[in-house]
Amino acid sequence: MFSFNVVGGTVARDIIGAARREIVEVVRSAYLTHHAGQSVNPNSYFLRFPDKPSARIIALPAYLGGDYGVAGIKWIGSFPQNIERNVPRASAVLLLNDYETGYPFACLEASQISAARTAASAVLGAEELLGSRKARRIAVVGSGVIGRNIVEFFAARDWEVEEFSVFDKVEQYAGLFCDHIRTTIGAAAQPAASLEAAIKGADVVVLATTAAEPYITDPGAFAPGQVVLNVSLRDIDPGIILSSHNILDDVDHCLTANTSPHLAEQASGSRDFIDGTLGGLMLGEVSIGADKPRIFSPFGLGVLDLAVGGFVFGRAVEQQTVVPIDGFFGETERWSS
Ligand SMILES: NC(=O)c1ccc[n+]([C@@H]2O[C@H](COP(=O)([O-])OP(=O)(O)OC[C@H]3O[C@@H](n4cnc5c(N)ncnc54)[C@H](O)[C@@H]3O)[C@@H](O)[C@H]2O)c1
C-alpha cells in the first residue's frame, strides 16, 4: 500500500515505442470516459516569468474515473529557446495518486507520455474527421518533437500516406525531419518551399509550431473538406476558425489561454462556431460536412496524461523496470499500535 516507484524516461520511451497502437485505444477510451462525465479536469495553471515571456511551466491536475480510477498531476515546462541548444523544448513529470487513499504511488518522466498522448489524440482526430486512414499527402508545419511523434503515430496506425510535406520556419529543421521520416518510417517526405506550398492540396494539415499568435490569415488558406489538426492551437486567424467546422477536445478548456478558438469566441461573442467535441464525434452525436475546412483543436487534457501514464506504469511494473523508493513515506501509521 505504501510503495512509491519512479519510472524513468528511457523506460517510458521504450514502452511507448512498442505500444503506440494500444496507446491510441487508451486515449480513445479516456476521451469517452471524460465525455461521459466520469472525470474531473480543472483548468491548467500556467506559471509564467516576467523576464522570460515565451517560457512557462503548466500544472495539469486531474482525476479519471471509469475503468481508470486514478488521480494525479502533470507538471510540464516549455522553454522554447532550449531548441537553440538542441535540447527538447518540453520537460515533464507526472505524479499518480491512489484514489482510495490519495497517496502518490508513482512519479514518471512525462515528456514522452505527454508527446504520446498528444500524438494519439491528433491521429484519432484525423481518423474521425477524415473518415479513413488514407492520405495522398499530409502536411506537417513545425519540425519538432510533437510533429515527429504525430508522424510516428500515423505510421503505427497503418495509415497509407503517399507523401509527407514538411514546413518549418527554420529550413534545417524541416530537412532533419524529412530525413527522419524517410529513414525511420520509410515514407516519402519533402521539405516544402513555403507554408502555402505545404498546405495546398494536402488531405491533412498538422500544425505543431510554437507560434504565439496567428500567422495563417489568408481566408482561403484551407480548402473545404481539408482536415486541420490544430495541435499548437495559436497559428490560425480567428476569422478562419469562424468560417470552418470546429471540433474541440473540451469546449471550456479550449476557449482559454488565447488559443485560436478562444480568439474566435472573443471576436464573435458566441460559441456558435463550435460543432462539438471529439468524444461526441466518436459516438456519432455530432457530424460535420466537407463544405468547409474541418479543424480539430485539442487543448490537451490532464486526463489523457493519467490514462497513458497509468498504462506506462502498469507495463513498467510487469517488466520490473520501475525503480522502487523504499521508505518514501516517513510515517505510515497515525499512532503507533
Ligand atoms: N494541444 C496539445 O495537447 C499539445 C501538447 C503538447 C504540445 N503542444 C504544442 O505543440 C507545439 C510543438 O511542440 P514541440 O515540442 O514539437 O516544439 P519544438 O520547439 O520542438 O518544435 C516547434 C517547431 O516549430 C517551428 N516553428 C515555430 N514557429 C513557426 C512558424 N510560424 N512556422 C513554421 N514553423 C514554426 C520551430 O522552428 C520548431 O522547429 C507547441 O506549441 C506545444 O505547445 C500541444
Region 286-337: which trypsin sites (Lys or Arg not before Pro) are DSSP loop and have at most 10 other beta-carbon atoms within 10 angstrom? R334
When the charge dipole of the chain is computed with +1 on Lys and Arg Cβ and -1 on Asp and Glu Cβ about the Cα centre, the Cα farthest towards its positive end, among M1, T101, S268, belongs to S268
Shape call for region 126-297 from the C-alpha gyration tensor, a ≥ b ≥ c root eigenvalues: rounded (a/c under 1.5), prolate (a/b greater than b/c) or oblate? prolate
Burial ordering of K200, K169, K74, K52, fewest other beta-carbon atoms within 10 Å first: K52, K169, K200, K74
Selection from I325, G309, G186 lying farthest towards where the dipole of the chain points positive, charges on Cβ: G186
In which sequence would S270, S29, S44 go, from the one with the fewest C-beta neighbours within 10 Å to the one with the most? S270, S29, S44
To test your reading of the geometry: what angle, between 0 and 90 degrees and rounded to tens, separates the Cα axis of helix 302-318 from the longest principal axis of the chain? 60
Angle check, please: helix 111-130 long axis (alpha carbons) against the longest principal axis of the chain (alpha carbons), in degrees 0 to 90, nearest 10. 40
Expected sort for T259, T10 with the fewest Cβ neighbours (10 Å cutoff) up front is T10, T259
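Which chymotrypsin sites (Phe, Trp or Tyr not before Pro) does region 229-337 hold that lie in a coil by DSSP with at most 10 other beta carbons within 10 Å?
Working: sites: F273, F296, F299, F311, F313, F328, F329, W335; in loops: F273, F299, F328, F329, W335.
Here the chymotrypsin sites (Phe, Trp or Tyr not before Pro) that fit, given the DSSP loop and packing criteria, are W335.
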Between 0 and 90°, nearest 10: helix 20-35 axis offset from the chain longest Cα axis: 90
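DSSP beta bridges in the chain, what fraction antiparallel, as a percent rounded to 5? Don't skip to the end; give the middle numbers.
Numbers: 32 of 63 bridges.
Here the share of antiparallel DSSP bridges comes out near 50 percent.
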Within the set of other residues whose C-beta is less than 13 Å from the C-beta of G69, count the net charge using Lys and Arg as +1 and Asp and Glu as -1. -3
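Each reported figure results from applying straightforward, stated rules to the coordinates on display, with no laboratory input. The structure displayed is predicted, hence computed values, not measured ones. Cβ sites come from the backbone with ideal geometry, for glycine too, and all protein chains shown count toward neighbours.
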